[in-house]
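The values are calculated or read from the model by the stated rules, or taken from the named source; none is laboratory data. Worth saying up front: this structure is predicted, and the values here are computed from it rather than measured. Ideal geometry is used to build each Cβ from the backbone, glycine not excepted, and the neighbour counts take in all protein chains shown. Ligands, DNA and RNA are stripped out before the accessible areas are found, and what is left, the full protein with its side chains, is counted by its heavy atoms. Shrake-Rupley method; radii C 1.70, N 1.55, O 1.52, S 1.80 Å.
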Amino acid sequence: MHSRATRRPSRRRLLCAIGLASIGSLSGCVGDTTTGEPAADRGDGARDGDGNTDTADAIWNPFEFDRPVTYTYEIYSTDDGSGTLVWDVTDVTDDGATVALQYDTAETQFETTVTGSKDDLQGQLLMTPAGPFIVATIFSPTMARYEGQTLTVGNEWSYSSPDGSMRFAITERDTIAGVDCYASVTEVDGSTVHEGCFSPELELAPYTVYYDDDGTRSVEMRLVSIEE
């Protein structure tokens, strides 16, 4: 594995990234739900913002790479500011994929190549300078709640626990970097903490943004190009 970096992640950033699973850690971090049974899905062919009706079921299955593909994102984080992230799948096998990652901001410049399954990729990238951002976006447990769900405008589900409740909803159809996707919103106790957009055709989400308690964005990534 080859890498170059300007600095190691701070302990606060690393703890923030790996502590995502608790609703109680939303302050200063991105949060995820705890255990709970989901409410019934509402996939009744609701209309999107253009008045079109969704009738076909679409499922988002991340990390099922089956071909070489390069994703280029514009990114932002409160720690590193604005920059770019390139996720380049260069080889695909039955056991996983090889990914060349480039992370470039004013504060951190880092590149590496990792190989393996989703768990292998996550484990290798976690301890890199880009780790906190990668875990808070690409490998976010909040976004994982959309994996395998039916992407239909109007579909929503929720979870609850003694710590609070989370609501997930598909709100409309959108297009990002020429890719059609399903926009989503995630709420914790009625407050929006995450917005995203998911495409059944892509293994990574075209868009994701998280908000702090005061409503300001904490991390964001938007697809600007995809090459196959």
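Between residue 61 and residue 217, how many nm apart are label points set 7 Å from Cα along the C-beta direction?
3.1
Rank these by accessible area, largest first, 1.4 Å probe: 79, 212, 94.
These residues rank, largest area first, as 94, 79, 212.
Using only the heavy atoms of the protein chains and a 1.4 Å probe, how would 165, 140 rank by accessible area, largest first?
Correct descending sequence by accessible area is 165, 140.
Using a 1.4 Å probe on the protein heavy atoms, what percent of the accessible area of region 59-227 belongs to carbon and sulfur?
Whole-percent figure for carbon plus sulfur exposure: 41.
From the phi of every residue in region 211-228, what ³J(HN,Hα) in whole Hz does the Karplus formula 6.51 cos²θ - 1.76 cosθ + 1.60 yield, where θ is phi - 60° and glycine or proline is x?
10, 6, 4, 8, x, 7, 6, 10, 9, 8, 9, 10, 5, 10, 7, 9, 10, 10
Per residue of region 173-190, what does 6.51 cos²θ - 1.76 cosθ + 1.60 with θ = phi - 60° give for ³J(HN,Hα)? Whole Hz please, x for Gly and Pro, Karplus curve as stated.
Calculated HN-Hα couplings, in order: 8, 9, 9, 10, 6, x, 9, 6, 8, 9, 6, 9, 9, 10, 10, 10, 6, x Hz.
Taking the Kirkwood radius as the inverse of the mean 1/r across Cα pairs, report the Rg/Rh of region 59-227.
On the way: Rg = 15.7 Å, Rh = 16.4 Å.
Ratio of gyration radius to Kirkwood radius: 0.95.
If amide hydrogens are placed 1.01 Å from N in the peptide plane, which non-local residues have theirs closer than 5 Å to the one on residue 199?
182
Residue by residue, what Karplus-based ³J(HN,Hα) values in Hz, rounded to whole numbers, does region 83-94 have, using 6.51, -1.76 and 1.60 with θ = phi - 60° and x for Gly and Pro?
x, 9, 9, 10, 10, 10, 7, 9, 7, 10, 10, 5
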